[in-house]
């Protein structure tokens with residue numbers, strides 16, 4: 001499994017569908033991955049998966065028409081002046097067993113990826129990996145839902161729909177609407193297997209120069225029924241700030257759009273100015289705040305020099321910059337991860353709320369370089385180091 005740990009979108013790769021190579025000598029594993037497969041007869045060749053476009057034109061979902069009757073003609077909505085784009089979806093409930101062993105009911109939306117993609121937030125719509133996973137049969141879960149249920153990217157889950165249970169793979173964590181449209185989205189065929197029905201909901205984008213309430217009424221009449229809702233635009237928050245004298249001195253505030261599922265979209269100009277890539281030895285590239293980068297690298301160098309770097313586990317590295325609220329809850333303040341001022345190591349061994357097992361010698365080194373360790377908090381977060389003060393490096 002591979003994660004994009006430095007941004008809003010997490011998408012699993014297709015490694016789980018390939019031959020396992022774990023435990024093999026490097027040369028043998030490489031040979032396996034490069035060896036040509038025995039070619040099956042022409043009439044048994046599988047269909048090539050559809051490759052999704054790299055980019056799409058994004059539209060805001062302005063109107064939702066629910067409760068479409070079986071006789072509805074969704075595409076008649078295009079006859080209404082000002083309608084730019086639409087997608088018909090099927091909405092239904094499915095249950096999953098939660099972390100406490102009880103069934104949690106989730107709202108599922110079966111979609112046509114090609115028509116629904118342009119109606120999602122730009123940060124999701126312009127991430128082709130999300131849509132490739134969906135086209136290939138995976139499901140896409142909201143970040144906050146995944147966090148609350150302890151779901152892992154690339155893992156299999158069993159959903160019990162209106163007809164029968166279905167085991168599906170979590171292909172991505174991503175926002176599906178602002179505000180959210182469902183807890184998770186599935187491709188149309190998976191929705192059918194779960195027991196979803198025909199198109200019962202219409203999602204419509206309008207031109208800026210038309211009146212949404214009047215258009216919503218006209219759309220309902222044109223398609224033959226249903227109940228229309230005009231969606232409010234996501235709230236643009238101004239001037240998120242780091243509190244305290246040091247925060248005001250060193251850290252430029254930013255504005256952001258709240259997506260309603262715990263994730264935010266920060267002013268791109270601020271991101272370009274302050275969020276930079278850094279190479280974490282043995283872990284890969286992540287992105288952090290420009291001011292934190294020198295202190296982070298100084299701490300990591302000292303951990304290496306002390307012979308402690310082997311305590312860090314690559315497969316448990318959980319990244320740094322993720323624009324979100326604490327606990328992916330919109331009612332909580334912004335996380336320090338949203339600023340790129342926090343980084344998580346050995347996440348599974350030091351899960352939030354569990355007794356930390358981070359080596360205290362590593363903790364002391366990070367504290368020396370201006371970091372606070374989450375393992376000292378009342379609700380321990382032993383994976384978490386965040387910048388607490390700015391210190392001079394070099």
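The values are calculated or read from the model by the stated rules, or taken from the named source; none is laboratory data. Note that the structure is a prediction, hence the values are computed from the model and not measured. Please note: Cβ atoms are built from the backbone with ideal geometry, for glycine as well, and neighbour counts cover all protein chains shown.
Candidates 179, 234: the one that is out of contact with any helix residue (DSSP H, G or I) (no Cβ under 7 Å at 6 or more places or on another chain), closer than 20 Å to residue 105 by Cα and in a loop (DSSP other than H, G, I, E, B) is 179. State yes or no: is residue 173 over 17 Å from residue 196 (Cα atoms) and surrounded by 20 or more Cβ atoms within 10 Å (Cβ to Cβ)? Answer is yes for this residue. Every test in (1) surrounded by 13 or more Cβ atoms within 10 Å (Cβ to Cβ); (2) in contact (Cβ under 8 Å) with a residue 40 or more places away in the chain is passed by residue 282 save one, and that test is (2). Would you point out the residue of region 82-111, among those that are in contact with a helix residue (DSSP H, G or I) (Cβ under 6 Å, 6 or more places away or on another chain) and assigned to a loop (DSSP other than H, G, I, E, B), that is surrounded by the most Cβ atoms within 10 Å (Cβ to Cβ)? The residue in question is 82. Quick one: in region 112-123, which of the residues that are outside any loop (DSSP other than H, G, I, E, B) and at pLDDT 95 or above is nearest to residue 234 (Cα to Cα)? The selected residue is 119. Looking across 198, 189, 208, one residue alone is over 29 Å from residue 105 (Cβ atoms) and either part of a loop (DSSP other than H, G, I, E, B) or in contact (Cβ under 8 Å) with a residue 40 or more places away in the chain (or both). It is 208.
Scanning region 152-170 for residues that are surrounded by 17 or more Cβ atoms within 10 Å (Cβ to Cβ) and within 14 Å of the chain's Cα centre (by Cα) yields 153, 154, 170. Comparison of 262, 284, 307, 244 shows that the only residue that is on the phi > 0 side of the Ramachandran plot and modelled with pLDDT of 95 or more is 307.
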